[in-house]
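The values are calculated or read from the model by the stated rules, or taken from the named source; none is laboratory data. Everything numeric in this text was worked out from a predicted model, so none of it was measured. Heads up, the Cβs are rebuilt from the backbone with ideal geometry, glycines too, and the neighbour counts pull from every protein chain shown. Accessible surface is based on the protein model in full, side chains and every heavy atom, while ligands, DNA and RNA are left aside. Shrake-Rupley method; radii C 1.70, N 1.55, O 1.52, S 1.80 Å.
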Amino acid sequence: MSYDTELAALLSEPWNESVCRGYTILALERCGYKTAVIQRVMSELHELLDFTSPQEARHTTSKVRISFLCPLIRRKATTRKGVVALRVLA
């Protein structure tokens, strides 16, 4: 197994709630949610980040039975230069 310095640098960065919020917004936008819904989700996320421990959040992801892939996005089987191409299904 080779050592990936870029991945190691990413994994060594401290937890950042702003980054989490950014990923959440990007995911919701890619899934086609409207601004009003994204705002509601972000308000709820703000509360959860304040009142839910990381351990509780981790436990929640392990006990739910949902797909973590957006149904509007399909991954292509082929990649170019290690980058997975995404295509929005509309």
Inside the stretch 15-37, can you point out the residues that are open to solvent by 60 Å² or more (accessible area, probe 1.4 Å), of a type in the set (A, V, I, L, M, F, W, C) and outside any helix (DSSP H, G or I)? Trp15
Given the conditions (1) among the acidic types (Asp, Glu); (2) open to solvent by less than 100 Å² (accessible area, probe 1.4 Å); (3) out of contact with any helix residue (DSSP H, G or I) (no Cβ under 9 Å at 6 or more places or on another chain); (4) at pLDDT below 90, every one holds for Glu47 apart from (4)
How many residues, within the stretch 38-59, are of a type in the set (Gly, Ala, Ser) and part of a helix (DSSP H, G or I)? 2
